[in-house]
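K.L.:
Here it is, the structure, as structure tokens.
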Amino acid sequence: MCTGTLRKAAALLGALFLAGACTDGSSNAPITSPSFAASSSSLPHINNTTLPIPVSISADFSAYDCSNNPGPQITFSGGSFLGGYGVEMTFTTNMKGTHTYTDGHTVDVTVMPADEQIVIPKQPVLGGAGGNPFIWVQFVGANGAALSDEIFVGRCVQGAGWHVTQSAVTTASAYATFTVTGCENSPGPFISFTSGVSMAGISARIIFRNNDNPVGGPHEADVTRNVAVIPAGLSLTFPKQPVLGGVGGNPWIFAGFTDAHGTALGDPTLLGRCEQLSKVLS
């Protein structure tokens, strides 16, 4: 009778921890419950809907047809290099309190290596303002907020070719979904996970002015055009990766996202205890 009750209690505890892996964030806002279909599974998983992704932009411009009608035309192309991110897992056999843990073993895994390249395809841009205008470029986020100052490129007739570099940060919705096996003392536990991101996007705002003073002066012929640097909603997925816990004795398992340098982004999420997770998932 007592044994059966304990078994039911253990099963219930495992189910509660599995549910916690899907909904339990932390005191930090970035770690949230699942928000898109890629991670809405019964497996333990973590989400971060505002994962910062540093971007290094390298853009090329060339201008032609600087006449009044139909106005200057330029081509825009180049590439952007993403900063990457990782997942950090902590295994501990001694936990005190909700998010306080000791005697832990931490494993950092790079999910997306730094310098992942996104090619900016050649895009034509029609200025719509004649009279040999001055040209600026400004990089903006998906919400239209400026990610850089206006960068003066040159005047249309000088436009045999320009090159602009800029550092910025975009955000992404990221997920990681875990499977758990092998909770024995040595060498377990064994974890594997898949991950992916959906980018918020970055655009280049190209500005044509009939005056080289961006603050004062007549700007009646100002025209702006936006072209995609990183398309909004661009999704990247990464193959399953194994993680060896290195701590036996049925450890508690935490997981969280890191930047490309291994710095934690927010507090970790408690996935659950190894044996309970592996039994529920088996």
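Please treat every number below as a calculation from the coordinates, not as lab data. Not measured: the values here are computed from a predicted model. Because the Cβ atoms are built from the backbone with ideal geometry, glycine has one as well, and the counts that use them run over all protein chains shown.
K.L.:
For the stretch 260-267, what does the Karplus curve 6.51 cos²θ - 1.76 cosθ + 1.60, with θ = phi - 60°, yield as ³J(HN,Hα) per residue in whole Hz, taken in order and with x for Gly and Pro?
P.N.:
5, 9, x, 7, 5, 10, x, 6
K.L.:
Gain in length, residue 158 to residue 181, computed as 0.36 nm per residue apart minus the alpha-carbon separation, to one decimal in nm?
P.N.:
That works out to 1.9 nm of additional length.
K.L.:
Assuming R0 = 22 Å, what is the FRET efficiency of residue 241 and residue 81, from their Cβ-Cβ distance, to the nearest 0.05?
P.N.:
That gives a FRET efficiency of 0.50.
K.L.:
Just to verify a number: FRET efficiency for residue 165 and residue 192, C-beta to C-beta distance, R0 = 41 Å, to 0.05?
P.N.:
0.60
K.L.:
Moving to a separate point now. Suppose R0 equals 41 Å; then what is the FRET efficiency for residue 211 and residue 234 from their Cβ-Cβ distance, rounded to the nearest 0.05?
P.N.:
0.70
K.L.:
In what sequence, highest mean first, do 231-240, 263-272 appear when ranked by Cβ atoms within 10 angstrom?
P.N.:
Ranked from most to least packed, the peptides come out as 263-272, 231-240.
K.L.:
Calculate the spin-label point distance for residue 58 paired with residue 264, positioning each point 7 Å from the Cα along the beta-carbon direction, and give it in nanometres.
P.N.:
3.6 nm
K.L.:
While we're looking at this one, here's another question. Tell me which residues come under 5 Å, amide H to amide H, from residue 85 once H is placed; ignore anything under 5 positions away on its chain.
P.N.:
Residues meeting the criterion, in which the H sits 1.01 Å from N, are 111, 112.
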